[in-house]
Each structure stands twice: as C-alpha cells, then as structure tokens.
1. Tally up the residues in region 1-41 that are free of Cβ contacts under 8 Å to residues at least 12 places away in the same chain and in a loop (DSSP other than H, G, I, E, B), please.
2. Of a type in the set (D, E, K, R) and loosely packed, with under 12 Cβ neighbours inside 10 Å: does that describe Arg194?
3. Only one of Glu127, Glu52 is in the same structural domain as His20 (by TED's automatic domain parsing), within 16 Å of the ligand (Cβ to nearest atom) and either assigned to a helix (DSSP H, G or I) or over 30 Å from Lys181 (Cα atoms) (or both). Can you tell me which?
4. Looking only at region 186-205, which residues are among the basic types (Lys, Arg) and within 29 Å of the chain's Cα centre (by Cα)?
5. Among the residues of region 55-77, write down those that are touching a residue at least 60 places away in the same chain (Cβ under 8 Å) and either within 26 Å of Arg88 (Cβ to Cβ) or not in a helix (DSSP H, G or I) (or both).
6. So for region 216-232 (the condition being outside any helix (DSSP H, G or I) and exposed (fewer than 13 other Cβ atoms within 10 Å of the Cβ)), does at least one residue qualify?
7. Look through region 109-135, keep the residues that are more than 26 Å from Asp48 (Cα to Cα) and surrounded by fewer than 14 Cβ atoms within 10 Å (Cβ to Cβ), and return whichever of them is nearest to the chain's Cα centre (by Cα).
8. In region 161-192, which residues are within 13 Å of the ligand (Cβ to nearest atom) and either assigned to a loop (DSSP other than H, G, I, E, B) or among the hydroxyl-bearing types (Ser, Thr, Tyr) (or both)?
Amino acid sequence: MPRILLHVCCGPCSLMPIVHLRDEGWEPTAFFFNPNIHPENEWLKRRDAMREAAMRLNVPLLEEGSPLNPGQWVRSLHGVVLQGARCRLCYRPRMERTAALAVEQGFDAFTTSLLYSRYQHHETIAEEAAKAAQTCGATFLYRDFRTWWWEGIAMSKELGIYRQKWCGCILSMKDALTQQKEDKARKAAQKAERAARLAKEEEELRLKKEAVAAHPNKRARKALARQAAQSAANSKGTLP
Ligand code: SF4
C-alpha cells in the first residue's frame, strides 16, 4: 500500500482527509507542524486535539516544532500582514517542511489537511505545496477535501474533538475577536430596536383604548374597539 505523509493543521480538519485517503488505498501518516498557532495554550489544545483524532482513527502521528512567540512570528512576515498575502507566507514553511520530511522518510507522496478548510486560500496552498514538492523532489497529491466539509464537521462533533475559533496566528485571533464584538453589537442593536418598536405599538394601542372608552357614542365606541382589536392583531402578525 503506498504511504502518504499528511500534514495536519488541527484535529477536525484531519478527519476527512484521513478517511478519504484510506478509501483511495493510501496508508496515511499524520504530521503536526504548525508554528503559526498562537498563543501557546491554543497550540497545545490543537496538538492535543490532533493526538485525540489520531488515536480515534488509529493513524500514526508525527509531531515537530512548537508555537513561535507571536511577535517573532509576525516579524517573520516582514511587514506582510494582510490576510491572504500573509497566509501564503504561513503555508510556505509548513509545506516545505512536510515535503522535505516526506523525502527523508521515504513516503510516496504528501498532502495537507489545509485543503479541507473552506476558510483557507485553497489555490495558494496547492501552489505552495507544488513548489515545495518540486524543490525537494517529493510528490504532492492534490485533493479537494472541501467536498466532505459537512461530514467532517459532523464527525468532529460526534467524536468530541476540540474545534477552534480562529485560524491560528495572533492576527487571525484579533480578526475573530473583532468579528465577535461586531456580531454582539449588531444583535444588541437589533434587540433594542425591536423593544422600542414594541413599546411604541403598545403605547399607540393604549391611546386607542382610551379614546374608545372616552367616546360618548355607543356605536362609535364599538366601531373604534373593533379597529383597535384589528390593528393590535395586525401588529402582532407583523412582528418577527
Ligand atoms: S490567518 Fe491562518 S493561514 Fe493566514 S496567516 Fe494566520 S494562521 Fe496562517
């Protein structure tokens, strides 16, 4: 059976590549090498999640490196901090090391679980992996593991494997925190708007009821009461 070195970025993303490479007849070995993950406790959580995934799927796991200090990692980007551009520089050393290790240990090919994520720059990963393969004479196996996106999520939840909230680097962590704050503020604004609308409608209804009660004509009172009931029903029907 041909042996393949599968670079793994985290536990959840590794599941479908392992399953489907096996389906194709490959014998995968996982390789956790991700110095881009910050802070250190997050790196440890993802490493442990990968150990858990490897144990559950009974796949050998190689590990290398440790998390770089966030400042050191950002300096390694030489000022390229824009999401997308910096990601290429983040994929590069991981693909280079995986390709080199595949050659060192006599694997028939290598690939990466980064090709599973819908949040990654898929084509850039494939380009960097192909370049790394060419440089050291390894064989890169391209697969679009995104096909099994939902199955992978379901499986990681079923196995109870830790699912991270940001891509990895300190910059992506800040982006995720900003996004969370914006989402929270938007939801709070929507809630306040709905409460104000309800209060306004209740006040209008109260005024209508007062007008009905104060009207001297009995028939007019009944007609106004019907209108008030109808408008109350209409307003209920339009509320989200
Ligand atoms: S967002 Fe993710 S892929 Fe991009 S640089 Fe940060 S850790 Fe790397």
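1. So the count comes out to 1.
2. No; evaluated as a whole, the condition is false for this residue.
3. Step by step, each of Glu127, Glu52 is checked, and only Glu127 is in the same structural domain as His20 (by TED's automatic domain parsing), within 16 Å of the ligand (Cβ to nearest atom) and either assigned to a helix (DSSP H, G or I) or over 30 Å from Lys181 (Cα atoms) (or both).
4. Within region 186-205, Arg186, Lys187, Lys191 qualify.
5. Pro70, Trp73, Val74
6. Looking for residues that are outside any helix (DSSP H, G or I) and exposed (fewer than 13 other Cβ atoms within 10 Å of the Cβ), one finds at least one in region 216-232, hence yes.
7. In this case the residue turns out to be Glu123.
8. Selection gives Gln164, Lys165, Trp166, Cys167, Gly168, Cys169, Ser172.
The values are calculated or read from the model by the stated rules, or taken from the named source; none is laboratory data. This is a predicted model, so every value here is computed, not measured. Every residue, glycine as well, gets a Cβ built from its backbone with ideal geometry; the counts of neighbours run over all protein chains shown.
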